[in-house]
1. Mind checking the angle between helix 3-15 and the chain's longest principal axis? C-alpha axes, 0 to 90 degrees, to the nearest 10.
2. Arrange 40, 149 by Cβ neighbour counts within 10 Å, fewest through most, would you?
3. Compute the length gained on full extension between residue 23 and residue 2: take 0.36 nm times their separation in residues and subtract their Cα-Cα distance, giving the result in nm to one decimal.
4. Could you work out the helix-only [θ] at 222 nm for the chain, with each DSSP H run of four or more residues adding -39,500 (n - 2.57) and the total divided by the number of residues, to the nearest 500 deg cm²/dmol?
5. Starting with the fewest neighbours, write out 17, 65 ranked by other beta-carbon atoms found within 10 Å of each beta-carbon.
6. Answer rounded, prolate or oblate for the stretch 1-70, using the Cα gyration tensor with square roots of eigenvalues a ≥ b ≥ c: rounded when a/c is under 1.5, else prolate when a/b is larger than b/c, else oblate.
7. For a quick check: sort 32, 4 by the number of other beta carbons within 10 angstrom, fewest at the front.
């Protein structure tokens, strides 16, 4: 089954959890961005998905992005603009929809095979082949969290 069809099926399943809401949103699969996997436009009631990134990560990873954006839509229908974008109401909806990653952001780069795993004192990082080559050749990179240097494993 193609990815667009999987996304539409997932959206319909989530809609069925909220029969009291009269959904009238649209879906757009043409989000062009190097950094955004999905977006919800509150003004136009449109869910946008980035198929370029989705094809690279696969639907299993992308499924949480679909849930993430749909949760924004639900929050808009239930509360309007009276709540925080990634506030407690949104997090509760994410839990209700069984999201694996209840976070405002997702580092999709770690799911794309062209990235290489390195470590610091606090966690794993995924860097591009170019950055890996520079690291291997002596360039130093620091973790933004612990300020330790990244190390090749």
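Rule-based calculations on the coordinates, nothing more; no lab input. In this text, all values refer to a predicted model and were calculated from it rather than measured experimentally. Cβ sites come from the backbone with ideal geometry, for glycine too, and all protein chains shown count toward neighbours.
1. It is inclined by approximately 50 degrees.
2. 149, 40
3. Fully extending the segment from residue 23 to residue 2 adds 5.2 nm.
4. -11500 deg cm²/dmol
5. With the sparsest Cβ surroundings first, the list reads 17, 65.
6. oblate
7. Starting with the residue having the fewest Cβ neighbours, the order is 32, 4.
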